1. Taking a probe of 1.4 angstrom, what is the accessible area of L115 in Å², to the nearest 10?
2. Let me make sure I get this right: for region 292-444, a, b and c are the square roots of the gyration tensor eigenvalues over alpha carbons, sorted descending. Under 1.5 in a/c it's rounded, otherwise prolate if a/b > b/c, else oblate. Which is it?
3. For region 375-428, which trypsin sites (Lys or Arg not before Pro) are both in a DSSP coil and crowded by at most 11 other Cβ atoms within 10 Å?
4. Assign one of three labels to region 356-411, namely rounded, prolate or oblate, based on the Cα gyration tensor with a ≥ b ≥ c the square roots of its eigenvalues; rounded applies when a/c is under 1.5, prolate when it is not and a/b is larger than b/c, and oblate otherwise.
5. Measure off 7 Å from each Cα along the Cα-to-Cβ vector at Q294 and Q253, then give the distance between these two points in nanometres to one decimal.
6. Compute the FRET efficiency between T39 and T223 as 1/(1 + (r/R0)^6), taking r as their Cβ-Cβ distance and R0 = 30 Å, and round to the nearest 0.05.
7. Does region 307-358 come out rounded, prolate or oblate by the C-alpha gyration tensor, with a ≥ b ≥ c the root eigenvalues, rounded set by a/c under 1.5 and, if not, prolate when a/b is larger than b/c and oblate if not?
8. Nearest 20 debye, what's the magnitude of the dipole of region 332-396 about its Cα centre given +1 on Lys and Arg Cβ and -1 on Asp and Glu Cβ?
Amino acid sequence: AAAGRPVDEEVSSDSETEGPLLGRRRREAVAAGEEVEETPQEKKLRLAKLYLEQLRRHEQERAAEEEEDPQQEDLIGDRLKEDVLEQKGRLQRLVAKDVQPPDPASIRVFRGHQLPVTCLVISPDDRFIFSASKDGSLIKCKWEVESGKKLCVVPGGKKGTEEQHMGHVSHILCMAISSDGKYLATGDRSKLIMIWDTATCKRLHIFTGHRDAVSGLSFRKGTHQLYSASHDRCVKVWNVAENAYVETLFGHQDVIMGLDSLSRECCVTAGGRDGTVRLWKIPEESQLMFCGHQGSIDCIQLINEEHMVSGADDGSIALWGVTKKKPLVLARQAHGVQDAQGLQQPYWISAVAALRNSDLLATGSHSTSVKLWKCSEGFRKLEPLWDIPLVGFVNSLKFSAAGDFLVAGIGQEHRLGRWWRIKEAKNSICIIPLKRRATAPSPQ
């Protein structure tokens with residue numbers, strides 16, 4: 001469908017009138033005298049065979065690396081069982097009990113952004129970090145985790161210089177990377193979404209259509225389907241590989257502050273001051289609404305397919321199950337309180353992170369520390385583990401896929417505003433090593 005388009009042409013959700021991509025491809029096939037696309041059953045069978053073949057190759061390669069000779073059927077069977085558990089949200093690796101207190105001296109600090117870091121992502125193979133800032137000349141950096149080298153910088157520009165710059169010309173607020181590591185998406189205050197090739201750092205597409213700042217991005221796991229959220233209160237769906245807009249979903253009553261997704265065809269959003277977390281079911285174009293925080297819900301992440309964690313500016317952290325409208329557990333004043341003009345105010349929760357399919361969480365604020373937490377008793381209890389000293393606004397947090405390290409994006413200011421400034425903070429990327437005791441976690 002995108003074959004005739006220039007590589008860097010803007011794609012707008014407003015100009016797309018053809019409807020779903022599937023219908024358009026089917027019409028084009030009929031017009032060309034070709035056979036109509038395969039039936040849903042045929043497609044399922046083809047994808048299942050393809051998945052099994054990929055699985056077989058992956059397990060053969062892994063066995064060869066480890067110089068083992070296990071039964072192929074056992075490997076594939078174990079992997080399939082694990083995938084089924086993950087899909088049902090029942091795969092939980094109990095790793096929190098083995099995490100040791102991080103040594104502050106072991107934290108590595110990468111400097112490169114002139115102004116506060118607003119967002120970051122880690123490549124699926126844990127080798128690279130992509131980060132963005134709200135510099136006057138906004139920069140998107142590609143860092144090598146092992147060496148700390150800055151491999152790629154895409155400078156932005158000032159307003160009015162859009163034609164001269166490949167990068168953004170306003171604050172970048174969010175970013176996402178596809179699960180195959182091929183595409184990077186970035187969203188800014190100027191309502192634009194840019195798609196980049198992660199290997200070359202070249203811009204591929206620009207998506208337009210949001211009517212306000214783009215505040216959340218997430219690729220659906222295993223696909224090139226991209227979800228975007230905005231201060232215009234809507235969620236949009238894009239197909240990055242096809243360079244096309246798919247649909248728009250409405251429901252929030254205030255600006256959307258964050259978004260996340262996993263492998264199911266759905267996403268979750270944090271609704272700011274409308275006080276709701278929402279689960280969007282994309283095929284059904286329906287939504288589930290969850291309430292529990294008292295303040296603005298500013299950040300959210302899925303722990304697995306059935307549970308999620310959110311943070312708010314009232315200082316609370318909530319754990320949710322997708323079948324319950326109220327939080328399974330709500331930790332108030334999670335980062336303590338501050339004395340603001342004679343009033344005791346809780347520290348805002350500005351970032352949350354979950355090690356996927358595990359019981360380990362991390363939260364950030366401007367309280368001079370990042371906190372690690374353990375989820376227990378079926379996500380009905382939240383236990384504080386360790387405090388990691390970091391000065392500044394923690395605007396973004398991400399665990400590596402293997403859980404070996406945690407990355408924090410630090411700024412002197414909050415990612416969304418300039419209400420106050422922490423002068424002693426350094427605008428930087430901090431890599432926090434996470435060491436565990438020798439016991440190997442097993443899926444529960």
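1. Roughly 70 Å² of L115 is accessible to a 1.4 Å probe.
2. Since a/c reaches 1.5 but b/c is at least a/b, the shape of region 292-444 is classed as oblate.
3. Values: sites: R380, K381, K398, R415, R418, R421, K423, K426; in loops: R380, R415, R418, R421, K423, K426.
Answer by residue number: R418, K423.
4. On the way: a/c = 2.50, a/b = 1.49, b/c = 1.68.
It comes out oblate by the Cα gyration axes.
5. 1.9 nm
6. Numbers: r = 20 Å, r/R0 = 0.68.
Calculated transfer efficiency: 0.90.
7. It is prolate, given that a/c is not under 1.5 and a/b is the larger ratio.
8. Working: 6 positive and 5 negative charges, 37 e Å.
With only Lys, Arg, Asp and Glu charged at Cβ, the dipole is about 180 debye.
The values are calculated or read from the model by the stated rules, or taken from the named source; none is laboratory data. Model, not experiment: these values are computed from the prediction. A quick note on method: Cβ atoms are made from the backbone with ideal geometry, for glycine too, and the neighbour counts reach across all protein chains shown. For accessibility, only protein heavy atoms count, side chains too; no ligands or nucleic acids. Shrake-Rupley method; radii C 1.70, N 1.55, O 1.52, S 1.80 Å.
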